[in-house]
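The structure under discussion appears below in the form of structure tokens.
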Amino acid sequence: MVHGNGHHRGSCRKNKIKRILDLDKDTCPNREQRANGTNVYYGKASQLLQDAKEGNINIPDRKFQQSGGCVLNFYLSNRVTTIRDAVTIFNAPVGCSAGSLGYRELYRGVPEALGRTNEYNNAWLTTNLQQEDVIYGASEKLRDAILKAEERYHPQAIFILTSCTTGIIGEDIEGTVDEVQAEVNAKIVPIHCEGIRSRLVQTGYDAFWHAILKYLVKEPEKKQDDLVNVASMLSYTWQDRLEIKRLLGKLGLRVNFIPEFATVSDFEQLSEAAVTAPICPTYTDYLSRGLEQKYGVPYFLYPSPVGFSSTDEWLRNIAKYTGKEDEVEKLIEEEHKIWEPKLNAIKQEFVSLRKNGEKPTVLGSLGQGRLVSQMPYFDELGLATPAAMAQDFDDLLIDELEEIVEKSGDFQLMVNTFQAAEQANVTTNLDPDLTLTCPFQGGTWERDNNVTRIHSLRGDPEPTSAQAGYAGAVAFGNFLLHAFKNRSYHKTLSEKTEKSYKDWWYEQDNPLYYLNESK
Amino acid sequence: MPKQIAIYGKGGIGKSTTTSNLSAALSDLGYSVMQIGCDPKNDSTTTLRKGKSIPTVLDTVRQRSGDLDNLVHEGYNGIYCVEAGGPEPGVGCAGRGIIAAIELLDNNGIIDEYSPDIIIYDVLGDVVCGGFAMPIRKGIADQVYTVTSSDYMAIYAVNNLFKGILKYSNNGGALLGGVIGNSIKSSLQEDMIKDFTERTNSDVIQFVPRSPTVTRCELDGVTTIEGAPDSRQAEVYRELARKVINNKDKYLPTPFDNDDLADWASGWINQLLLNRKVEIDNIQEEASGI
Ligand SMILES: Nc1ncnc2c1ncn2[C@@H]1O[C@H](COP(=O)(O)OP(=O)(O)OP(=O)(O)O)[C@@H](O)[C@H]1O
Ligand code: SF4
Ligand SMILES: [Mg+2]
């Protein structure tokens with residue numbers, strides 16, 4: 001028994017929050033709380049780093065804000081619905097599930113020859129919450145939906161996606177789950193992704209992994225020394241998946257890809273793997289830490305397999321945990337022999353296209369995970385990155401960003417999620433030779449230099465869209481080169497379309513003009 | 001694991017007064033105590049802090065997102081004081097406020113960090129909606145106490161609380177630790193509360209008399225334990241503290257239907273009125289010198 005007086009608090013709170021996950025709780029803290037995340041910043045990367053270190057990061061309000069996604073519908077729902085032998089229940093008004101409608105068609109674009117399963121359907125239900133459910137509570141409706149899901153589909157797992165509505169009225173989801181679990185064979189997995197929980201969509205990913213770790217991952221029966229967990233980003237392409245499989249396959253390793261297109265047993269065996277490897281550190285962080293904490297599965301968060309040196313490093317890291325140290329050196333040598341000449345050819349062509357001997361500049365719009373992995377790759381291509389855009393930033397990537405600033409020097413950094421106007425302003429003012437944007441971040445718009453959409457979704461099976469590994473580094477380099485050389489798309493676009501914003505906005509030197517400074 | 005209890009009861013019945021005195025008494029007994037006020041009024045812990053209010057959890061987070069270092073404030077004898085906070089009267093959703101504040105404290109390991117021996121949630125009103133039921137859900141409080149007087153509406157609120165407990169009990173929610181009878185002035189009032197608990201499979205843990213000492217200390221901005229430690233009232237709160245810390249009882253109450261409750265109450269209310277009339281008549285008789 002410790003008396004109140006003189007009871008001293010433990011070490012620094014921030015470190016504590018990040019490292020230890022409490023899987024007894026119904027869900028995780030949000031990213032704002034767990035890692036001081038933000039999605040509003042424009043300035044020097046070094047300044048953001050300093051702010052982060054001093055704990056001075058916050059999320060001011062915008063007076064003008066363009067639409068984005070929420071914790072539920074920004075790709076979380078699309079990911080969960082791809083899990084093959086499971087059903088997803090949206091415990092929500094019907095609109096919350098609207099984003100999931102198109103994805104079945106999208107994924108069917110992946111040819112079966114490339115590995116998409118023939119039996120591929122997105123099975124999901126919605127509780128379709130109404131006024132009456134908000135007033136009287138909706139636990140019966142959820143119960144019914146769970147029983148229907150079981151009866152209709154006999155799934156291995158039933159995921160429940162919660163929404164603003166259930167969050168506001170304080171539905172006791174776990175209570176219902178505890179009660180119904182005994183009546184169904186499927187494992188029920190409630191995920192707390194209420195839209196209002198957080199302004200950072202990353203919270204949805206953490207909440208998802210929390211639920212996976214809490215409900216679905218099984219105690220390891222045996223260790224699988226050749227199994228590598230890879231939590232693959234939706235926005236890496238199908239080709240990237242194949243490339244990763246190819247490279248690890250050459251080392252005699254198998255990939256456990258989750259969550260997209262995975263089966264429930266793929267999740268159950270996460271605890272048996274030799275290592276958890278990142279594709280995107282910000283996405284994988286919570287899962288990786290949880291698997292280590294609970295089952296001792298080692299992990300690393302950096303680098304991702306983008307560009308040659310990072311892919312080398314990524315493979316070496318995996319080899320370290322799987323006893324393939326010798327094999328990996330051989331693999332790297334072989335791969336470099338095949339792909340390096342191709343990369344060098346691209347690099348040479350970029351050099352030959354230089355105006356006044358200067359490096360072409362590229363402005364990348366990236367998730368924070370992509371930010372830290374792609375900047376070194378652009379360097380390999382001989383491109384300069386005087387500025388970059390990231391969808392969000394938090395403490396989880398402080399060390400990585402610091403390394404980049406040290407290596408490649410300081411740069412301008414814009415942090416926003418889907419603020420197309422801010423992006424248009426920065427792009428116009430910096431006027432880089434190439435701009436990469438996410439299709440959801442404003443896509444393309446009329447300008448004289450090149451804007452290229454680059455994030456492709458998992459449903460994109462085109463070899464030219466690849467980005468990961470050695471083959472991806474070459475494909476991506478070619479893609480950039482073509483965009484750099486061929487401006488006709490943008491020429492036509494400028495001729496045929498009107499400007500999206502008025503001139504004063506493009507001329508405005510502060511892209512955060514609409515920030516509410518008072519708060 | 002700390003002992004976690006939640007205190008409910010009708011508005012103005014004496015929850016915060018009783019809770020703060022309970023916290024102070026437990027702290028004097030040597031326990032490390034955290035008191036969490038779940039009420040947008042932000043007044044649960046004021047008598048533990050010399051009448052001064054503290055910034056609330058929700059306000060702190062609202063002003064500076066990510067700043068979790070300033071949510072707990074020390075009060076009398078090192079008691080950890082927390083106020084959940086919530087909207088201004090007439091706007092927003094206080095229930096959601098309670099959910100958000102408790103989730104924030106719980107999911108970020110803030111409670112664990114202070115590792116108190118006992119955590120007391122002082123919750124406003126009865127369990128009107130999902131938000132106010134948050135503290136009694138599985139994984140938060142393990143025992144519920146309810147403060148009541150012998151007023152019909154206060155007992156009515158207790159009866160409603162019992163319904164809430166029953167609802168959540170299927171899902172591992174908190175069960176009843178006991179009823180605290182407050183502002184007691186006569187043994188008949190005690191009898192009425194006792195009879196209610198007997199009929200609803202619950203029990204009274206302590207009767208707390210109505211006392212001017214409480215009022216005086218409150219005006220000085222302190223608890224009775226701090227302001228009048230030698231008073232009889234302070235001893236009552238200490239007795240309550242000793243009972244609560246050792247109490248392992250978990251009742252699954254059987255609330256009345258509303259109609260039955262009214263029938264049951266009318267008998268007692270008539271008696272109480274009669275009793276009061278006799279009191280007043282006696283005074284008049286004595287005063288008239290007959
Ligand atoms: N045993 C008692 N003797 C005398 N006065 C009391 C006693 N208990 C409570 N009071 C007084 O009753 C008033 C209301 O008490 P308190 O604020 O504790 O109620 P509450 O239930 O917390 O109210 P709310 O629902 O508004 O939060 C206070 O002025 C308090 O001093
Ligand atoms: S969860 Fe909330 S923010 Fe997200 S789609 Fe539903 S209502 Fe909208
Ligand atoms: Mg009160």
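Within the stretch B:194-223, the set of residues being surrounded by 15 or more Cβ atoms within 10 Å (Cβ to Cβ), more than 23 Å from B:Phe132 (Cβ to Cβ) and in contact with a Gly (Cβ under 6 Å, 6 or more places away or on another chain) comprises B:Asp203, B:Val204, B:Phe207, B:Cys217, B:Gly221. Of all residues in the stretch A:30-48, those being touching a helix residue (DSSP H, G or I) at 6+ places or on another chain (Cβ under 6 Å) and more than 15 Å from A:Thr282 (Cβ to Cβ) number 3.
Residues of the stretch B:153-202 that are in a loop (DSSP other than H, G, I, E, B) and within 22 Å of B:Gly12 (Cα to Cα): B:Lys185, B:Ser186. Taken over the stretch B:98-127, the criterion of being closer than 22 Å to A:Glu171 by Cβ and more than 11 Å from chain A (Cβ to nearest Cβ) is satisfied by B:Ala101, B:Tyr121, B:Val123, B:Leu124, B:Gly125, B:Asp126. Scanning the stretch A:149-165 for residues that are crowded, with 21+ Cβ neighbours inside 10 Å, part of a helix (DSSP H, G or I) and not hydroxyl-bearing (Ser, Thr, Tyr) yields a single hit, A:Ala149.
Please go through the stretch A:23-61 and give me each residue that is more than 9 Å from chain B (Cβ to nearest Cβ) and among the hydrophobic types (A, V, I, L, M, F, W, C), ordered by number. Hits for the stretch A:23-61 are A:Leu23, A:Val40, A:Ala45, A:Leu48, A:Leu49, A:Ala52.
Among the residues of the stretch A:156-181, which ones are away from ligand 2 (no atom under 16 Å from the Cβ) and away from every other protein chain (no Cβ under 13 Å)? Steps first, answer last, please.
Filtering the stretch A:156-181 down to residues away from ligand 2 (no atom under 16 Å from the Cβ) leaves A:156-158, A:172, A:174-181.
Scanning the stretch A:156-181 gives A:Gln156, A:Ala157, A:Ile158.
Tell me, yes or no, whether the stretch B:210-220 has at least one residue that is within 14 Å of another protein chain (Cβ to nearest Cβ), away from ligand 3 (no atom under 16 Å from the Cβ) and more than 25 Å from B:Thr197 (Cα to Cα). Scanning the stretch B:210-220 turns up no residue that is within 14 Å of another protein chain (Cβ to nearest Cβ), away from ligand 3 (no atom under 16 Å from the Cβ) and more than 25 Å from B:Thr197 (Cα to Cα). Among the residues making up the stretch B:8-20, those that are near ligand 1 (Cβ under 9 Å from one of its atoms) and either aliphatic (A, V, I, L, M) or buried (at least 20 other Cβ atoms within 10 Å of the Cβ) (or both) are B:Gly9, B:Lys10, B:Ile13, B:Gly14, B:Lys15, B:Ser16, B:Thr17, B:Thr18, B:Thr19, B:Ser20. Here A:Ala262, A:Ala231 are screened, and the one residue that is under 18 Å from A:Pro298 (Cα atoms), within 22 Å of the chain's Cα centre (by Cα) and modelled with pLDDT under 95 is A:Ala231.
The requirement of being facing chain A (nearest Cβ under 8 Å), on the phi > 0 side of the Ramachandran plot and touching a helix residue (DSSP H, G or I) at 6+ places or on another chain (Cβ under 9 Å) is fulfilled somewhere in the stretch B:77-86, by at least one residue. When B:Met153 is tested against (1) away from chain A (no Cβ under 13 Å); (2) more than 27 Å from B:Ile245 (Cβ to Cβ); (3) free of Cβ contacts under 8 Å to residues at least 60 places away in the same chain, only condition (3) is not met. Listed conditions (1) at the interface with chain A (Cβ under 9 Å from one of its Cβ atoms); (2) part of a loop (DSSP other than H, G, I, E, B) are all met by B:Gly95, apart from (2). Looking at the structure I just gave you, is B:Ile120 of a type in the set (Val, Ile, Thr), in a loop (DSSP other than H, G, I, E, B), in contact with a helix residue (DSSP H, G or I) (Cβ under 9 Å, 6 or more places away or on another chain) and within 30 Å of B:Asp230 (Cβ to Cβ)? Spelling it out, it is not the case that B:Ile120 is of a type in the set (Val, Ile, Thr), in a loop (DSSP other than H, G, I, E, B), in contact with a helix residue (DSSP H, G or I) (Cβ under 9 Å, 6 or more places away or on another chain) and within 30 Å of B:Asp230 (Cβ to Cβ).
Identify all residues within the stretch B:31-72 that are of a type outside the set (Ser, Thr, Tyr) and under 16 Å from B:Glu226 (Cβ atoms); write none if there are none. Spell out how you get there, then give the answer.
Restricting attention to the stretch B:31-72, the residues satisfying the condition of being of a type outside the set (Ser, Thr, Tyr) are B:33-43, B:48-52, B:54-55, B:57-59, B:61-64, B:66-72.
Answer for the stretch B:31-72, where residues must be of a type outside the set (Ser, Thr, Tyr) and under 16 Å from B:Glu226 (Cβ atoms): B:Val33, B:Gln35, B:Leu48, B:Arg49, B:Lys50, B:Gly51, B:Lys52.
Specify which of the listed residues (B:Ile193, B:Ile205) is in contact with a Lys or Arg (Cβ under 6 Å, 6 or more places away or on another chain), more than 14 Å from chain A (Cβ to nearest Cβ) and more than 16 Å from ligand 3 (Cβ to nearest atom). So that I can check it myself, show each step before the final result.
Values: B:Ile193 fails: in contact with a Lys or Arg (Cβ under 6 Å, 6 or more places away or on another chain).
Answer to the check: B:Ile205.
Name the pairs: first residue in the stretch B:39-63 and assigned by TED's automatic domain parsing to the domain that holds B:Leu22, second residue within 16 Å of ligand 2 (Cβ to nearest atom), Cβ to Cβ under 8 Å, at least 6 apart or on different chains? Taking only residues 6 or more apart or on different chains, the pairs are B:Leu58/B:Ala100.
Residues in the stretch B:23-45 that are away from chain A (no Cβ under 14 Å) and more than 9 Å from ligand 1 (Cβ to nearest atom): how many?
We begin by selecting, within the stretch B:23-45, every residue away from chain A (no Cβ under 14 Å); these are B:36-37, B:39-44.
From what's left, more than 9 Å from ligand 1 (Cβ to nearest atom): B:36, B:40, B:42.
Matching residues across the stretch B:23-45 total 3.
Residue under question is B:Leu219, and the condition is that it be farther than 25 Å from B:Ile280 by Cβ and either not polar (S, T, N, Q) or not assigned by TED's automatic domain parsing to the domain that holds B:Asp28 (or both); does it hold?
Working: farther than 25 Å from B:Ile280 by Cβ: yes; either not polar (S, T, N, Q) or not assigned by TED's automatic domain parsing to the domain that holds B:Asp28 (or both): yes.
It is true that B:Leu219 is farther than 25 Å from B:Ile280 by Cβ and either not polar (S, T, N, Q) or not assigned by TED's automatic domain parsing to the domain that holds B:Asp28 (or both).
The criterion of being away from chain A (no Cβ under 14 Å), buried (at least 20 other Cβ atoms within 10 Å of the Cβ) and polar (S, T, N, Q) holds for B:Thr146.
Among the conditions (1) at pLDDT below 80; (2) among the polar types (S, T, N, Q); (3) buried (at least 21 other Cβ atoms within 10 Å of the Cβ), the only one that A:Gln467 does not satisfy is (1).
Report the residue count in the stretch A:182-197 for those that are within 16 Å of ligand 2 (Cβ to nearest atom), of a type in the set (A, V, I, L, M, F, W, C) and within 14 Å of chain B (Cβ to nearest Cβ). It would help to see each step written out before you state the result.
To start, the set of residues in the stretch A:182-197 that are within 16 Å of ligand 2 (Cβ to nearest atom) comprises A:190-197.
Still in the list and also of a type in the set (A, V, I, L, M, F, W, C): A:191, A:193, A:196.
From what is left, the residues that are within 14 Å of chain B (Cβ to nearest Cβ) are A:193, A:196.
Residues that pass the stated criteria total 2.
The values are calculated or read from the model by the stated rules, or taken from the named source; none is laboratory data. In this text the structure is predicted, and so the values were computed from the model without any measurement. Here Cβ is always computed from backbone atoms with ideal geometry, including for glycine, and neighbour counts include all displayed protein chains.
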